[in-house]
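The values are calculated or read from the model by the stated rules, or taken from the named source; none is laboratory data. Keep in mind that what you see is a predicted model, and the values were worked out from it rather than measured. Please note: Cβ atoms are built from the backbone with ideal geometry, for glycine as well, and neighbour counts cover all protein chains shown. Please note that ligands, DNA and RNA were not included when accessible areas were found on the heavy atoms of the full protein model with its side chains. Shrake-Rupley method; radii C 1.70, N 1.55, O 1.52, S 1.80 Å.
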Amino acid sequence: MTLEDRRDEEPDVYQPAEDSHLLAEAACDRLEGTEVVLEVGTGSGYVAEQIADETGARVVASDLNPHAVRQARTEGVEAVRADLVSPFRDGSFDAVAFNPPYLPTDPENEWDDWMEHALSGGEDGRAVIDPFLAHVGRVLAPDGVVYLLVSSLTGVDEVVEEAGEHGFSAVAVADEPFPFETLTVLELLR
Ligand SMILES: C[S@@+](CC[C@H](N)C(=O)[O-])C[C@H]1O[C@@H](n2cnc3c(N)ncnc32)[C@H](O)[C@@H]1O
């Protein structure tokens, strides 16, 4: 099935794009395959599937969007409907990957559907990233790692600063420029 077919069939689910590919590649390059990995906001399940297939790691996934959970499960991903990391036990994951909704959105222009949840990061682009940074440390093993995709539109320095507030140091491990933004994958370690 082509991506266009998928978009027609699952109009409420974010289908893999440049950001998905960049995150999947960065995580696959760095994971050894022995880890237990959580992908937050799995959408179609593409990133989780790539990590599992390419590294052999055990991967579970979450998404707020029930249509996404259904599609990810269809692709063979062990996915649960959840807000960020809320249902998972303390210290359960060696690695967490997240391609969050990161586009700054004028509140006047927000549209109330599942694609808004996939794309909109609220007024400053960090409305989902900030709570993620506040809570992800709880579910990480002591030497666990986070791979977080951010955009220049979101403010990479602001995300790095917020991560620091929660005890993480950040290194950019992948970058890709586009005409209107640069995408970056941050590796966060404590
Ligand atoms: C940019 S899309 C990324 C989808 C997929 N991971 C990919 O890279 O193709 C962001 C995803 O995060 C999900 N999401 C948004 N807010 C969430 C939350 N609070 N908890 C879990 N998932 C959330 C959206 O439903 C959407 O599937």
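Details
- Elements of type helices (runs of 4 or more DSSP H) in the range 1-76, at least 3 residues being open to solvent by less than 20 Å² (accessible area, probe 1.4 Å) and either near the ligand (Cβ under 8 Å from one of its atoms) or closer than 15 Å to residue 149 by Cβ (or both): 18-30, 46-55
- Residues considered: 124, 143, 175, 130. Of these, the only one that is farther than 21 Å from residue 43 by Cβ and within 16 Å of the ligand (Cβ to nearest atom) is 124.
- Conditions (1) more than 26 Å from residue 33 (Cα to Cα); (2) open to solvent by 20 Å² or more (accessible area, probe 1.4 Å); (3) near the ligand (Cβ under 9 Å from one of its atoms); (4) not aliphatic (A, V, I, L, M): number failed by residue 101: (2)
For (1) in contact with a strand residue (DSSP E or B) (Cβ under 6 Å, 6 or more places away or on another chain); (2) within 21 Å of residue 13 (Cβ to Cβ); (3) open to solvent by less than 30 Å² (accessible area, probe 1.4 Å), each residue gets a yes or a no:
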{"position": "83", "(1), (2), (3)": "no, yes, no"}
{"position": "93", "(1), (2), (3)": "yes, no, yes"}
{"position": "119", "(1), (2), (3)": "yes, yes, no"}
{"position": "138", "(1), (2), (3)": "no, no, no"}
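- Checking residue 149 against (1) crowded, with 17+ Cβ neighbours inside 10 Å; (2) over 15 Å from the mean Cα position of the chain (by Cα), the condition it does not meet: (2)
- Filtering the range 152-172 to residues that are among the aliphatic types (A, V, I, L, M) and either within 16 Å of the ligand (Cβ to nearest atom) or open to solvent by 30 Å² or more (accessible area, probe 1.4 Å) (or both) leaves 153, 156, 159, 160, 170, 171, 172.
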